[in-house]
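Engineer: Please read through the structure below; I'll follow up with questions.
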Amino acid sequence: MLDTDPDVDSTGFDAGFSPDSKNMRAPDIAVGNVPDRPGWLPGTPPLAVEYAGSGQDEAELTAKIGELLLGIRRVEVHVAGEAVRTLGVGEVLMAPGILRNPVPVEALFDRNVAHEVAFRNLLQRHGYAGLDDVRAEGAEEGRHEAREVLRELLRNTLRGRGALTAEHDTRIAGCPDLAWLAAWVATAATTGVLSD
């Protein structure tokens, strides 16, 4: 789900990082700075996610991310130089400069919420703010196609009656209104003229 964010260029699962010459760490999920090549990476990822469960080695988790608090589902946010923040259900994670969109805490463990966030992110990767933008574009394309069909039908109707003039063609091409075009088609079909 994090990989679908429009501003994310790479993610990795258990990707190895060497923050210094003596330590190696492999966060469950690393976001950013994860090239597609084998080996340990120098430095640290801009965003790391670690899933902590009651069966994990607490000493290793302590070394990996600091203090571990077991209990309800929540997220501990570790930022260099800041106190650890704990976020729970109903709150959002934000990583300015790394992720464009806030991530609801539930998206890390609720499949349906993760799908909604991933869907939003994928739409944004394709230039849409949301599903309403896709629908609006589809509706406009449908109206455009309908106008073109009506224009061609009107031209053919007038042409078949020997009544298509250059002035008519200009009026037909310039008319954006579907209702007018449809009315003109109906009138031309019965009278053979383009009504005002």
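Just so it is clear, none of the values below were taken in a lab; they were calculated from the coordinates. Since this is a predicted model, take the numbers as computed values, not measurements. Virtual Cβ from ideal backbone geometry, glycine too; neighbours counted across all protein chains shown.
Engineer: Run the quick spin-label model on residue 7 and residue 186: label points 7 Å from Cα toward the beta carbon, then report their separation in nm to one decimal.
Structural biologist: Those two pseudo-labels are separated by 5.3 nm.
Engineer: Here's something else I'd like to know. For residue 5, enumerate residues with amide H under 5 Å from its amide H, sequence gap 5+ or separate chain, H modeled in the peptide plane.
Structural biologist: Close amide H contacts, sequence-distant or interchain: none at all.
Engineer: Let me check I've understood the local charge: for residue 189, count other residues with C-beta under 15 angstrom from its C-beta, Lys and Arg +1, Asp and Glu -1. What total comes out?
Structural biologist: Taking every other residue near residue 189 into account, the sum is +3.
Engineer: A further question follows. What FRET efficiency, computed as 1/(1 + (r/R0)^6) with R0 = 30 Å and r the Cβ-Cβ distance, is obtained for residue 73 and residue 24, rounded to the nearest 0.05?
Structural biologist: Efficiency, rounded to the nearest 0.05: 0.60.
Engineer: For the chain, take N as its residue count and report Rg(C-alpha) divided by 2.2 N^0.38 Å.
Structural biologist: Working: Rg = 29.4 Å, N = 196, 2.2 N^0.38 = 16.3 Å.
Scaled against compact globular proteins, the figure is 1.80.
Engineer: Given H placed 1.01 Å from N in the peptide plane, which residues other than close sequence neighbours of residue 56 have an amide H under 5 Å from its amide H?
Structural biologist: Distant-sequence amide H within range of residue 56: zero hits.
Engineer: Can I ask one more? Could you give me the ³J(HN,Hα) list for region 170-175, computed from phi with Karplus coefficients 6.51, -1.76, 1.60 and θ = phi - 60°, whole Hz, x at Gly and Pro?
Structural biologist: Once rounded to whole Hz, the list reads 5, 4, 5, 5, x, 8.
Engineer: Rg/Rh for region 74-117: what does it come to with C-alpha atoms and Rh from Kirkwood?
Structural biologist: Values: Rg = 11.0 Å, Rh = 11.2 Å.
With Rh from the inverse mean 1/r over Cα pairs, Rg/Rh is 0.99.
Engineer: Using mean Cβ contacts within 10 Å as the protection proxy, how do 115-123, 81-89, 15-23 order, highest first?
Structural biologist: 115-123, 15-23, 81-89
Engineer: Can you quote the Å³ per residue value for the convex hull of the Cα atoms in region 132-191, rounded to an integer?
Structural biologist: Considering the Cα atoms of region 132-191, their hull volume per residue is 66 Å³.
Engineer: Please state the relative contact order of region 132-191 as a whole percent: Cα pairs under 8 Å, 6+ residues apart? Write down the numbers at each step before the final one.
Structural biologist: Working: 30 pairs, mean separation 25.8, N = 60.
With pairs under 8 Å counted, the relative contact order is 43 percent.
Engineer: How far is it, in nm, from the label point at residue 56 to the one at residue 133 when both lie 7 Å from their Cα along the line to the Cβ?
Structural biologist: That separation, rounded to one decimal, is 3.5 nm.
Engineer: Could I ask something else about it? Output the peptides 160-167, 97-104, 181-188 sorted from most to least packed, where packing is the average of other Cβ atoms within 10 Å over each peptide's residues.
Structural biologist: Details: 160-167: 11.2, 97-104: 16.5, 181-188: 18.5.
Answer by packing, highest mean first, reads 181-188, 97-104, 160-167.
Engineer: Rounded to whole Hz and in sequence order, give me ³J(HN,Hα) for region 80-90 from the Karplus expression 6.51 cos²θ - 1.76 cosθ + 1.60, θ = phi - 60°, writing x for Gly and Pro.
Structural biologist: In residue order, the calculated couplings are 3, x, 10, 5, 5, 10, 10, 10, x, 4, x Hz.
Engineer: Next question. Would you mind calculating the relative contact order of the chain from Cα pairs under 8 angstrom and at least 6 residues apart, reporting the percent as a whole number? Numbers along the way, then the final one.
Structural biologist: Details: 246 pairs, mean separation 28.0, N = 196.
Dividing the mean separation by the residue count of the chain yields 14 percent.
Engineer: Let me have the 222 nm mean residue ellipticity of the chain computed from DSSP H runs of 4+ only, each contributing -39500 (n - 2.57), with the sum over all residues rounded to the nearest 500. It would help to have the intermediate numbers written out before the result.
Structural biologist: Details: 5 runs with 76 residues, N = 196.
It comes out at -12500 deg cm²/dmol, rounded to the nearest 500.
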